[in-house]
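**Student:** Take a look at the following structure, please.
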């Protein structure tokens with residue numbers, strides 16, 4: 001079930017990302033999830049899978065799957081090792097959640 005976005009739109013959500021977010025030690029996992037939501041919404045709206053919020057037109061699982069497939073195409077064209085990037089992302093995620101997150105099980 002889709003949940004109502006907390007902000008007016010992609011532009012407003014993107015403005016919440018600080019310029020040097022990676023160096024901000026006060027960044028929370030809620031902040032990180034909001035940034036991901038802004039990216040997903042921009043993608044989903046652009047390709048017609050969302051209207052005003054992620055999940056209001058198409059299932060969130062399929063939006064993420066489509067984005068990951070498109071990222072794989074981008075990685076092919078730009079010589080980026082996607083599986084290695086996903087492993088690296090999993091390491092970051094586990095560190096950010098102190099190993100208590102539901103994704104990237106060890």
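**Student:** Please go through the range 41-92 and give me each residue that is part of a helix (DSSP H, G or I), within 22 Å of residue 12 (Cβ to Cβ), free of Cβ contacts under 8 Å to residues at least 24 places away in the same chain and touching a helix residue (DSSP H, G or I) at 6+ places or on another chain (Cβ under 9 Å), ordered by number.
**Tutor:** Listed by number, the residues that qualify are 44, 63.
**Student:** Still on this structure, I have one more. How many residues does the range 48-94 hold that are within 30 Å of residue 25 (Cβ to Cβ) and over 17 Å from the mean Cα position of the chain (by Cα)?
**Tutor:** Result for the range 48-94: 3.
Values in this text are rule-based calculations from the coordinates and carry no lab data. Worth saying up front: this structure is predicted, and the values here are computed from it rather than measured. Cβ sites come from the backbone with ideal geometry, for glycine too, and all protein chains shown count toward neighbours.
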